[in-house]
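Okay, so here's the structure we're looking at.
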Amino acid sequence: MTLWSIELSEFDIQYRPCTTIKGQAVADFIAEFASAEGEGAENPQWSIFTNGLSNRKAGRAGIVLKSLEGGEIECMIHLDFPTTNNEAEYEALIAGLDLAKAVGAVNMVVHCDSQVITSQVNNKFECKGEKMKKYWEQVKMRVAELQAKMVQIPRGENEQADRLAKTASTE
């Protein structure tokens with residue numbers, strides 16, 4: 001890194017680390033982008049792939065939205081607070097549903113590799129703990145609004161969202 005710094009110093013180039021983007025700013029950008037391109041078109045059906053990761057200090061989330069026409073939106077989120085893996089998965093799911101709503105999606109399939117989260121959302125597992133119940137209620141409300149179907153997929157089929165979650169800023 002020092003060698004590159006010396007080489008680039010003659011060009012007056014400075015390194016600035018990538019900063020995190022607030023979720024609402026991303027949603028606003030996507031809403032503006034989608035309305036500009038998709039005016040007059042039917043709402044496309046989207047597939048959402050989500051993945052959340054956590055450690056003691058912070059969590060990360062990766063979301064990939066795909067339309068049937070081949071359009072794709074990728075989003076990385078840095079959660080700047082301590083989370084469990086399940087909380088990070090719920091954060092990714094909520095962000096994915098909010099992004100889908102911002103682009104005007106109505107009917108969609110949500111793909112998640114967490115058996116716990118998909119089973120709770122599909123009412124197969126009971127949600128325990130006040131914090132988890134609040135996440136569950138937020139997701140259920142969004143799923144009902146968007147007519148979303150929740151599907152569990154093997155971890156290997158969720159590579160793109162997993163890659164985004166792993167590369168989300170941890171600083």
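Laboratory data are not the source of any read-out in this text; all were calculated from the coordinates shown. Values in this document were obtained by computation on a predicted structure and should not be read as measured data. We place every Cβ from the backbone using ideal geometry, glycine too, and count neighbours over all the protein chains shown.
A few points about this structure:
- Taking one quarter of the surface of the convex hull spanned by the alpha-carbon atoms of segment 79-154 gives a direction-averaged projected area of 5.1 nm².
- Potential lengthening between E137 and K57 on full extension [0.36 nm per residue; Cα-Cα distance subtracted]: 26.3 nm
- Filtered trypsin sites (Lys or Arg not before Pro), segment 75-171: DSSP coil and at most 16 other beta carbons within 10 Å: K124, K128
- Sparse packing (at most 14 other Cβ atoms within 10 Å of the Cβ) combined with a DSSP loop state is found for the following GluC sites (Glu not before Pro) in segment 42-96: E42, E69.
- Residue order, fewest to most surrounding Cβ atoms within 10 angstrom, among I73, I48: I73, I48
- Ranking of M76, M108 by neighbouring Cβ atoms within 10 Å, starting from the fewest: M76, M108.
- In loop segments of segment 105-144 as defined by DSSP, the GluC sites (Glu not before Pro) with at most 14 further C-beta atoms inside 10 Å of their C-beta are E126.
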